[in-house]
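Shown next, in structure tokens, is the structure this report addresses.
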Amino acid sequence: MIKKITNFVIPFVITTIILLVYFYLVHGLPVAQELEKTNIVSVQIMQGNKTINLTDDEDIEKAVNGVKILSFRYGEASGGPADTTCTFYQRDGSKIEIGANNDTIFKNDRQYVGVNDSCQLFGNLIQGFFFSEILQMGNCIINE
């Protein structure tokens, strides 16, 4: 009986570990898994020299969803200043600050290596959601 269980459990555990490592190598780890829109009172977004403050539930949800696309890997980040930064003020009085430039993610004064262009996608999403006056019909700005 124990041999049958062992013959099932060991390959299952090995396969699970291999899949977790593969997922990490391909997709990285999410930066903002602890963010819940119900715990957030307001959001301050800075992109370039522009700053906006959000208090509407729908806008807060957009900001949370935009940040949740960021994925990172451990390693040496290239640094530099953040192009886009979102500061989430929570009901308990704490704040979570998450930002990114082309390839580095910043979270509460720590730097991480961005994965799969998630940093650029984050910047473009925030720009499209909240700074859309920059994007005009027929005049599209593409960051390369």
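Bear in mind these aren't lab numbers, they're just calculated from the coordinates by the rules spelled out. Only a predicted model underlies this, so the values are computations on that prediction, with no experimental measurement involved. So basically every Cβ, Gly included, is an ideal-geometry build from the backbone, and we count neighbours across all protein chains shown.
Some points to look at:
- Other residues with beta-carbon under 13 Å from the beta-carbon of Ile40 carry, at +1 per Lys or Arg and -1 per Asp or Glu, a net charge of -4.
- Percent RCO, i.e. relative contact order, over the stretch 31-130, from Cα pairs under 8 Å lying at least 6 residues apart: 27 percent
- Residue exposure sequence - Ser42, Ser132 - by fewest surrounding Cβ within 10 Å: Ser132, Ser42
- Using the Cβ-Cβ distance between Ile17 and Ile69 with R0 set to 22 Å, the FRET efficiency works out to roughly 0.25.
- Relative packing of 46-53, 83-90, which averages over residues the other C-beta atoms within 10 Å, highest first: 83-90, 46-53
- For the peptides 120-127, 10-17, the ranking by packing is 120-127, 10-17, with the highest mean count of neighbouring Cβ atoms within 10 Å listed first.
- Here the sum of -39500 (n - 2.57) over DSSP H runs of 4 or more residues, divided by the residues of the chain, equals -11500 deg cm²/dmol at 222 nm, to the nearest 500.
- Helix 2-27 and the longest principal axis of the Cα set of the chain meet at an angle near 20°.
- Packing-based ranking of 18-28, 99-109, 69-79 yields 99-109, 69-79, 18-28, ordered from highest to lowest mean Cβ neighbour count within 10 Å.
- Share of alpha-carbon pairs per 10 Å distance bin for the stretch 31-130, given as whole %: 17, 53, 27, 2
- Point-to-point label distance, Lys3-Asn108, nm (Cα→Cβ direction, 7 Å offset): 5.1 nm
- Using alpha-carbon coordinates, inclination of helix 57-67 to the longest axis of the chain, degrees: 60 degrees
- Degrees, to the nearest 10: 118-130 long Cα axis against longest axis of the chain: 40 degrees
- Evaluated over the chain, the count of Lys pairs having alpha-carbon atoms less than 21 Å apart is 12 (only pairs 8 or more residues apart or interchain).
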